[in-house]
Amino acid sequence: MDDIEPPFQETYPSLFENPSGKLAREERFGMDDDEEYCELPLIDLSRLDFSRDGSSNFQGDFDECIKEMGKAASEWGFFEVVNHGIPHKVLNNMRYEQKKLFHQPFCKKAEENFMNLSANSYRWGNPTATCLRQFSWSEAFQIPLSDISRLDECNRTRSSIGLFATKAASLAQRLAEYLAQHLGAKSSYFRDYCPPSSSYLRMNRYPACPLSFEVYGLMPHTDSDFLTILYQDQVGGLQLRKDGRWLSVKPNPQLLIINIGDLFQALSNGAYKSIEHRVITHPEVERFSVAYFYCPSYEAAIESFSKRAVYRKFSFKEYRQQVKEDVLTTGEKVGLSRFLL
């Protein structure tokens with residue numbers, strides 16, 4: 001399988017040969033030390049099922065479920081969901097087709113029009129990295145939902161990815177509306193400003209890494225969206241930063257992970273937290289995940305639900321441009337602190 005691997009070290013020799021750019025011991029926590037695991041809040045979404053009767057017991061379960069989501073979004077910025085409405089068959093088919101794509105030869109994946117995808121859909125490493133701590137030992141297909149219909153692979157690939165995206169889009173909108181309602185805000189915002197064409201999928205593969213103590217699978221970051229739906233395999237590697245510590249998330253392919261993005265933190269005036277997270281590498285085993293990023297249109301205005309706003313009003317386009325500029329000039333994302341009042 002060597003011919004499927006991106007040429008990380010051959011393409012970026014200066015990064016890997018420069019000892020000053022390697023991760024400090026505190027940055028490597030969980031990579032060469034015993035990992036500290038956390039138990040994310042687990043939300044049973046069956047309590048949001050409107051097909052059940054309208055009894056007072058159901059209403060109580062419904063309200064309690066939304067309250068639990070709001071608390072998790074405020075205290076953790078992450079939570080796991082069960083009974084989420086995406087059938088296991090859809091998830092399994094998605095994973096099968098994802099592996100099939102990533103196991104194509106690297107030279108084929110890197111072709112400009114591979115599978116008829118848009119330019120720069122296939123990404124690997126980090127061309128803007130100035131040191132090893134800014135590098136990511138991973139490859140990804142980043143696919144806007146509007147591009148899925150263009151996939152020229154077999155119909156099964158297109159239908160499997162499309163069905164997962166459709167289910168994830170419905171779930172993301174539903175969760176965003178409930179989280180907004182919990183703050184007393186209008187949930188119609190998301191229907192008005194988050195058309196399906198604005199969101200995208202990112203299929204990730206983290207190859208086995210012989211330098212697993214020295215490089216991240218995905219460098220520490222926050223997500224530039226409203227919320228992210230993550231489906232991961234059983235390998236593990238996801239970590240989040242809470243109270244100054246890096247905590248590992250136990251992998252469970254039966255669950256989906258939801259995390260709050262920068263835009264929801266701004267929209268909620270800081271009530272919900274967009275938490276820094278990363279992926280650590282594994283020395284022997286490859287890891288797969290797929291993320292659905294729930295985004296607004298570029299013109300959508302991001303403005304706090306409440307008065308005495310912490311962040312100034314900005315558009316999603318403005319936010320993306322600022323992130324891109326910061327990454328090009330510093331090698332890293334700065335994020336919401338650029339938009340503080």
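The values are calculated or read from the model by the stated rules, or taken from the named source; none is laboratory data. Being a predicted model, the structure only gives us computed values, none of them experimental. Heads up, the Cβs are rebuilt from the backbone with ideal geometry, glycines too, and the neighbour counts pull from every protein chain shown.
Worth a mention:
- Only one of Gly244, Gly261 that is under 19 Å from the mean Cα position of the chain (by Cα) and free of Cβ contacts under 8 Å to residues at least 60 places away in the same chain: Gly261
- Matching residues, segment 134-185, being of a type in the set (D, E, K, R) and free of Cβ contacts under 8 Å to residues at least 24 places away in the same chain: Arg158, Glu177
- Residue within segment 118-125 that is in contact (Cβ under 8 Å) with a residue 40 or more places away in the chain, within 30 Å of Pro220 (Cα to Cα) and not hydrophobic (A, V, I, L, M, F, W, C) present: yes
- Residue check: Leu227 meets all listed conditions (1) touching a residue at least 40 places away in the same chain (Cβ under 8 Å); (2) surrounded by fewer than 21 Cβ atoms within 10 Å (Cβ to Cβ) but one, namely (2).
- Within segment 101-115, the only residue that satisfies the criterion of being under 21 Å from the mean Cα position of the chain (by Cα) and either within 17 Å of Gly162 (Cα to Cα) or of a type outside the set (A, V, I, L, M, F, W, C) (or both) is Leu101.
- In the set Ser304, Ser297, Ser274, only one residue is in a loop (DSSP other than H, G, I, E, B) and closer than 14 Å to Phe339 by Cα; that residue is Ser304.
- Filter pass, Asp147 being of a type in the set (Asp, Glu), within 20 Å of the chain's Cα centre (by Cα) and modelled with pLDDT under 90: yes
- The one condition in (1) over 27 Å from Asn93 (Cβ atoms); (2) modelled with pLDDT of 95 or more that Ala172 fails to fulfil: (1)
- Restricting segment 122-136 to residues that are surrounded by 20 or more Cβ atoms within 10 Å (Cβ to Cβ) and of a type outside the set (A, V, I, L, M, F, W, C), the residue that is farthest from the chain's Cα centre (by Cα) is Arg133.
- Any hit, segment 256-264, residues being crowded, with 21+ Cβ neighbours inside 10 Å and modelled with pLDDT under 95: no
- Residue in segment 127-143 that is among the aliphatic types (A, V, I, L, M), more than 21 Å from Pro296 (Cα to Cα) and in a strand (DSSP E or B) present: yes
- Matching option when the condition is among the charged types (D, E, K, R) and in contact with a His (Cβ under 9 Å, 6 or more places away or on another chain), among Lys99, Lys89, Lys67: Lys67
- Filter result for the condition that a residue is in contact with a Pro (Cβ under 6 Å, 6 or more places away or on another chain) and either on the phi < 0 side of the Ramachandran plot or aromatic (Phe, Trp, Tyr) (or both), over Glu332, Glu286, Glu299: Glu286
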